[in-house]
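Please treat every number below as a calculation from the coordinates, not as lab data. Because the structure is predicted, anything quoted here is derived from the model rather than measured. Methodologically, a virtual Cβ is constructed for each residue, glycine included, from the backbone with ideal geometry; neighbour enumeration extends over all protein chains shown.
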């Protein structure tokens, strides 16, 4: 049962002699006239202070971090702004897991997907699954682990005492609520918590981008999936997958439309239910709500245009219907929060090794076209870098500028090129595990995350694996 602090939380000032908390806005605001400023009235919020670790963002990294921290023995709270757990896996209708030949949580999840009958194919690295089934599975896993999770709740502010992150404020239908914990984990994907807490960050090739495009995935229903085999990406990696994409592109072009993503991809989810990724939205920052709204509207319109055009072709496309577009447009490029180590393109090219390695990614550098013109000639490229399996150290998951804060997933500390490799969800889950176990050990022993050795954390993860 939640316990509330007897001290009221004042948004203007919540600390005494220990230091002055500072609310750091995610973006700098241009100077404005006094008449254009509204001063929000000061108010008091009760503080909930009943857990050891707070995880913000319940995507692949967030659920693995929360579940792992709880299994280690920490009391954990998980916040998610969407209406389900899983992030891009579920709300984003990703449908395809990459670089997933990983131990620990990834291996367990593959087994559970298989047992539940919602996985297709036998590959260990690339997996097709049913997004709706994934929602239920992740909820079951969080309940089993004892994670307290709350949906429809977004982190809105972060407060520090000196360097120490102590309190966050969330917004939801319940209003503004304040929460405290010894350790926080940013798994928002876009680095929202780190930015609010005052961490330095980067995005794209430069702070004004250009950044990788967004894509709005969708589920479609077809009359006969077997008739679309030549257009369909295999459940297991296949040399024919590139040909399938090219044939799908030609089919779309024959309707009179050149898609904003020139490597459109079609997967079979189950029976005649299929999943498509066919669009790009260029130059949109994920923390600009107005821009994301415009991108989503354009993407949804294009998806309808493509599917309606294919249906008019008849033949294998007869009766094809757009069943659902994703709740959230898929984001490739968000903030990368400054950590105690920055994963670089040299690490990827040279196969870097670290004693505190938490995951060894193998996925290629995957940079999607940065503009519509580039898309017409090259949908994606690897910047001339051939990936050698490389280590991501624990230090890249620990914030440099703020204490008590870790990151996992695509918002960890890395450069643009390295991020284009490690951003896929197989690596995110392994990072989530690492952040979860370190955060739990730190919080329950009154240490900072950077004071926990990876050998100690790894021993805990191995002990969990032996009990699985």
Helix 241-253 vs. the chain, principal-axis angle (Cα, 0 to 90°, nearest 10): 70 degrees
FRET efficiency, 1/(1 + (r/R0)^6) with R0 25 Å, evaluated for residue 383 and residue 253 via beta carbons: 0.35
For a label point 7 Å along the Cα-to-beta-carbon line of residue 125, residues of the range 95-110 with backbone N under 11 Å: 99-101
Gain on full stretching of the segment that runs from residue 373 to residue 246 - 0.36 nm per residue minus C-alpha separation: 43.9 nm
The range 218-325: relative contact order as a whole-number percent, Cα under 8 Å and 6+ apart: 36 percent
Label point distance in nm, residue 463-residue 50, each placed 7 Å from Cα along Cα→Cβ: 2.7 nm
DSSP-defined antiparallel bridges as percent of all bridges, the chain, nearest 5: 70 percent
Extension gain (nm, one decimal) between residue 290 and residue 42, 0.36 nm per residue minus Cα-Cα: 86.5 nm
Label-to-label distance, nm, for residues given as residue 271 and residue 205 (7 Å Cα→Cβ offset): 4.7 nm
Nitroxide proxy distance, nm - points 7 Å out along Cα→Cβ at residue 154 and residue 350: 4.1 nm
Long-range Cα-Cα pairs in the chain (distance over 40 Å), rounded percent: 19 percent
Using a Förster distance of 25 Å, the FRET efficiency for residue 327-residue 101 (Cβ separation, nearest 0.05): 0.30
Alpha-carbon centroids, the range 63-95 and the range 158-237: separation in whole Å: 12 Å
Rounded, prolate or oblate (a/c below 1.5 giving rounded, otherwise prolate when a/b exceeds b/c) for the range 410-450 by Cα gyration tensor: oblate
Helix 425-444 axis, angle to the chain major axis (alpha carbon atoms, nearest 10°): 10 degrees
Stretch gain in nm, segment residue 114-residue 221, where the contour uses 0.36 nm per residue and the Cα spacing is subtracted: 36.2 nm
P(r), alpha carbons of the range 218-325 - 5 Å bins starting at zero, rounded %: 2, 13, 22, 25, 18, 11, 7, 3, 0
Principal-axis tilt of helix 105-116 within the chain, Cα atoms, nearest 10 degrees: 50 degrees
Hull-based mean projected area of the range 330-425, where the convex hull spans the alpha carbons, in square nanometres: 6.5 nm²
